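Written out below as structure tokens is the structure these notes cover.
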Amino acid sequence: MKFLPIVIRELTVAARRKATHWTRMLSATVAVAITAWMLSVMAGSFPQETSKAIFGVMTAMMTLYCAMAGVRFTADCLSAERREGTLGLLFLTNLRGHDVVLGKLVASSLDAFYGALAIVPVLGLPLLMGGVTLGEFGRMSLVALNALFFSLACGMLVSTVARSAHVAVWGTLLVLILVAGGLPALDAYLVGKDPTSRSVFPWGYILCPGYTYALGFDALYRRSAWQFWTSLGATHALAWVLLGFASLILPRMWQDRPSSSGRGGVGHRIQLWLRGNSPSDARFRRKLLDRNAYYWLTSRRHWKPAVAWFALVVMAAIWAWGWHRFKSDWTNEGTYFMTGIILNFIIRVAFASEASRQLAEDHHNGALELLLSTPLTVSEILRGQYLSLRRIFLGPLVFILLIETVLFIATIKTQYGSDRSMWICLWLGMIVMTLIDLGALFWVSQWMGLTARQPNRASANSLALVFFPPWALLALIGMASVTSHTGGGWETFFSMWCLFGLINDFVVGAWAQMKLREEFRTAAQRRYAPQKGLLEILAGK
Amino acid sequence: MSGEIPEPVVAVQTVGLSRTFGSTAALLGLDLTVNQGDLFGFIGSNGAGKTTTLRILATFLSPSGGTAKVLGHDVVTDADAVRNVIGYMPDFFGVYKDMEVTEYLDFFGACYRIPGAQREKTVNDVLELVGLREKRGFLIGALSRGMQQRLGLARVLIHDPRLLLLDEPASGLDPRARIEMMAILQELQKMGKTIIISSHILSELQTLCNRVAIIEKGKLIYSGPVQGVRDHTTAGRTIRAKVAGDVESALLLLRTDTRIAAVVQENGFLKITLASPELDGSVVAETLVRGGARLLSLAEDELGLEEVFMRLTRGETQ
Ligand SMILES: Nc1ncnc2c1ncn2[C@@H]1O[C@H](COP(=O)(O)OP(=O)(O)O)[C@@H](O)[C@H]1O
Ligand SMILES: [Mg+2]
């Protein structure tokens, strides 16, 4: 129980910390704003209905937030220590695997917990208004806390084995999405193949927080209480298993990396290939270095384009599966448009993540200081980044645009009149916005990477800068128009969305570009204290 | 090419160099001159401003005031020219641990615009120079600290710079690695390079450097040959003497002499601090012999140099 002192200490420190404070303030403000908005919109309905709706929305948000918390809070906590080389130090003390895992779990999850906790008082309102029972309230709190615990445990396990921040964060996200969406989809598919298995317990849903959430409401809970508790219990138990497993393997995983002496073996060859070390690679290096030194630095993991194509192949496979399964129900304009939205979203996220990666890494490991005292210029660095991003993304982007052109043509072939013009607008707007967003992200992500205090937050921050303002503005206008019972059709909203997006892209893109061109060196000079390691916490510093 | 322009004998010159970070002043008007061919020791306790100075000379930081010239080029207005003639090694490794030794050097060679065909040979040459030839295929993360430090030196040398700026290169090295590092540096000095090496331990550079500068709180407090450090302080020398027989009366003799600041007994020796820097060991001999004590040995305390340094820097902080 050596982790207990750490926990108590962290609790008091975190409560005083500024970031914690802001997390709490922000989530409480959002909750209050949404509640107020719903109250005004549903002013004509019965209070019980309003209360139920508010409760449903609030708890859904809270559960979603909790279910994804692992990505933000634990995914990179141990891998960061591994990169800093401080993980090994922990095991020179008399700490055991579970001390480290539990200590880290609490230390890095307090912000998450406080964020969720801030919503609870707002939930009191629907409780007072009636229509929501105390039982529901209690069950929903359990669901959210349990989802939080499970999510953090997942992040912790991924963090135990991962090294790079990106692998840790994306790996955790993937695992969580698989658990919440992949397993239920598989289950649904199997049931669809063999309808007699309907009576079987829906095992694929058992870990899905959405499922537990739905069962928590009185209406469903009355019928299937045992399923609710099984689902909750199974998730909880699995979370402990994940943590136990993490504690077990952590002491074996802390070594930084295998020494290069142990040559031979398949594992080693795979490693060499991943790192990029084959005869062809010396040529690759020569070619890129002669073009632009920074180009090679960002591209030296030469398998990156292959990963992008692989992701596209996987998505194509999912699409083909849907087509095969749902036949003509699948091939309609809705599916096409959804496909377009998802593809465009994914490429933007991946682009932002890749564009911010190298600069964040270089700033934090101090390599930027070396680079900037060589004749390498800032514009060469930016050029190298551009070349490297082009190498990874140009092919997939062209491919996606081709697919979208096909889907677009397929859509307008079946549509007539006003529907046809609507789809034309939607498709063109979406494609153009994606391209412009990518342009803005190129600059914003690099600037965010260069100035990020925590490298793994850089891409999220830049996505937020590009996506959030237009949507927030649109939401405000939407609320205003609903409450004042004015408002236009989809045309108004869509053109507003495009317009806001355009202006925002232009403003943040130009701002980031100016910053990069003029203040790159100044920003690189800033020193960031490395994140506080567990050792310092233990030492009571 | 142009034989008329005389080579500057001054490698580095700073005038009133200052730098502030928010409200903390890291450098407060530093005037420093380093001549070409010097192996120059740059000494100061932690936080004195050594790293800040070297970063400015390496064009990574910009000064808040004053000027700095490196081999005739201003570090602000002519930064590109400066970057081509210096090799800067920071106080941490700044390495990519998942790169191989050759990849790392090849990359930095390209940063210095060495053409591809020539790079391979240059990489081999610098690896040879620092004695890392057998480690060429190794991952940097798998090298020992001493080897990583030597790799850092190899990187600094890749474009054959005329001035090396090394920030605490010996810190964290074991004595053997330290001696190897010093030997390489002496070799480089013989090749005609100017080297500035910083440290927070004066005695570490005592035998290595021909000139030293001592800074404290962003100000220069001494610059010149190592031997001159002592003359520069108001502190007297420290003498170790051994007497036979009645130590107590010898102590009394010394304590009543006004030319002697302090006497303590240490491991059977008398450790005597003289009152002013002009005085030397003869004072002690004279006093003891006149007073009738039996003086067995008398020597100036070698370790005293570190004490002088401590006194110098402490004097500034108080
Ligand atoms: N990037 C920075 N931001 C804020 N303060 C700094 C920064 N760099 C150095 N300092 C401060 O300047 C002073 C001198 O630091 P430094 O040059 O690193 O000293 P030294 O290398 O001699 O130990 C210290 O007080 C240090 O805290
Ligand atoms: Mg320093």
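The values are calculated or read from the model by the stated rules, or taken from the named source; none is laboratory data. Because the structure is predicted, anything quoted here is derived from the model rather than measured. Note that each Cβ is placed from the backbone with ideal geometry, even for glycine, and that neighbours are counted across all protein chains shown. Ligands, DNA and RNA are excluded from the accessible area calculation, which covers all protein heavy atoms including side chains. Shrake-Rupley method; radii C 1.70, N 1.55, O 1.52, S 1.80 Å.
Points to keep in mind about this one:
- Modelled label reach - A:Trp490, point 7 Å along Cα→Cβ, the range A:400-429 residues with backbone N closer than 15 Å: A:408, A:411-429
- Ligands, DNA and RNA left out, the accessible area of the protein assembly as shown computed with a 1.4 Å probe is 64% carbon and sulfur.
- Listed residues B:Val76, B:Val101, B:Val264, most fluctuating in chain B (Gaussian network, C-alpha, under 10 Å): B:Val264
- Computed from backbone phi with θ = phi - 60° and the Karplus coefficients 6.51, -1.76 and 1.60, the 3J(HN,Hα) list for the range B:188-200 is 5, 5, 5, 6, x, 7, 8, 10, 10, 10, 9, 6, 9 Hz; x is used for glycine and proline.
- In Hz, Karplus ³J(HN,Hα) per residue of the range A:226-242 (6.51, -1.76, 1.60; θ = phi - 60°; x = Gly, Pro): 5, 5, 4, 5, 4, 4, 4, x, 4, 4, 4, 4, 4, 4, 5, 4, 4
- Using alpha-carbon coordinates, inclination of helix B:145-157 to the longest axis of chain B, degrees: 60
- Vicinal HN-Hα couplings computed from phi for the range A:104-116 (Karplus, 6.51 cos²θ - 1.76 cosθ + 1.60; Hz; Gly/Pro x): 5, 4, 5, 4, 9, 10, 5, 4, 4, 5, 5, x, 5
- Calculated FRET value between A:Arg526 and A:Ser418, using beta carbons and R₀ = 56 Å, to 0.05: 0.55
- When DSSP beta bridges are restricted to pairs lying wholly in the protein assembly as shown, around 70% turn out antiparallel.
- What the range B:65-217 shows is 37 Å² of accessible area per residue, with the surface traced by a 1.4 Å probe over protein heavy atoms.
- Of the residues B:Ser199, B:Ser297, B:Ser276, the one that moves most in a GNM of chain B with alpha-carbon contacts below 10 Å is B:Ser297.
- Isotropic mean projected area of the C-alpha convex hull, the range B:145-261 (nm²): 11.0
- Long-range amide H partners of B:Phe42 with built H, under 5 Å: B:Ile197, B:Ser198, B:Ser199, B:Ala213
- Probe 1.4 Å - accessible area at B:Glu180, Å² to nearest ten: 70
- Here A:Ala464 and A:Ile341 are evaluated by their C-beta separation; at R0 = 25 Å the FRET efficiency comes out at 0.85.
- To the nearest ten degrees, helix B:304-317 and the longest principal axis of the Cα atoms of chain B are 80 degrees apart.
- Full-stretch length increase - A:Trp471, A:Ala311 - with 0.36 nm per residue and alpha-carbon distance subtracted: 54.8 nm
- Among B:Gly116, B:Gly66, B:Gly29, the largest mean-square fluctuation in a Gaussian network model of chain B (Cα springs under 10 Å) belongs to B:Gly116.
- The simple spin-label model puts a point 7 Å past each Cα toward its Cβ; for A:Ile503 and B:Ser282 those points are separated by 9.0 nm.
- Residues along the range A:285-300 losing 10 Å² or more of accessible surface when the other protein chains are present rather than the chain by itself (probe 1.4 Å): A:Arg285, A:Arg286, A:Leu289, A:Asp290, A:Ala293, A:Trp296, A:Leu297, A:Arg300
- For A:Lys104, the aspartates and glutamates whose Cα falls under 12 Å of its own Cα, not counting residues fewer than eight places away in the same chain, are A:Glu10, A:Asp76, A:Glu81.
- Of all DSSP bridge pairs formed entirely within chain B, close to 70 percent run antiparallel.
- Modelled FRET efficiency - R0 30 Å, B:Ser23 with B:Ile201, Cβ distances, 0.05 increments: 0.55
- Distance between the pseudo-spin-label points of B:Ala183 and B:Val10 (7 Å out from Cα toward the beta carbon): 3.7 nm.
- Residue pairs exceeding 25 angstrom between C-alpha atoms, taken from B:Lys190/B:Lys217; A:Lys515/B:Lys97; B:Lys97/B:Lys121; A:Lys327/A:Lys413; B:Lys121/B:Lys193; A:Lys287/A:Lys515: B:Lys190/B:Lys217; A:Lys515/B:Lys97; A:Lys287/A:Lys515.
- Residues in the range B:72-101 occluded by at least 30 Å² - accessible area, probe radius 1.4 Å, against chain by itself: B:Arg83, B:Tyr88, B:Phe92, B:Gly94, B:Tyr96, B:Lys97, B:Asp98, B:Met99, B:Glu100
- For chain B, averaging the sequence separation of C-alpha pairs within contact (under 8 Å, six or more residues apart) and dividing by the residue count gives a relative contact order of 19 percent.
- Per residue of chain B, the DSSP helices (runs of n ≥ 4 H) give a summed -39500 (n - 2.57) that works out to -10500 deg cm²/dmol at 222 nm.
- Pairing chains A and B buries close to 3600 square angstrom of accessible surface in total, based on protein heavy atoms and a 1.4 angstrom probe.
- Taking amide H as placed 1.01 Å from N in the peptide plane, the amide H of B:Ile221 sits under 5 Å from that of B:Ile214, B:Ile215, B:Glu216, each at least 5 places away or on another chain.
- Inter-label distance, nm, simple model (7 Å from Cα along the C-beta direction), A:Trp323/A:Val432: 2.9
- Long-range amide H partners of B:Ala262 with built H, under 5 Å: B:Thr273
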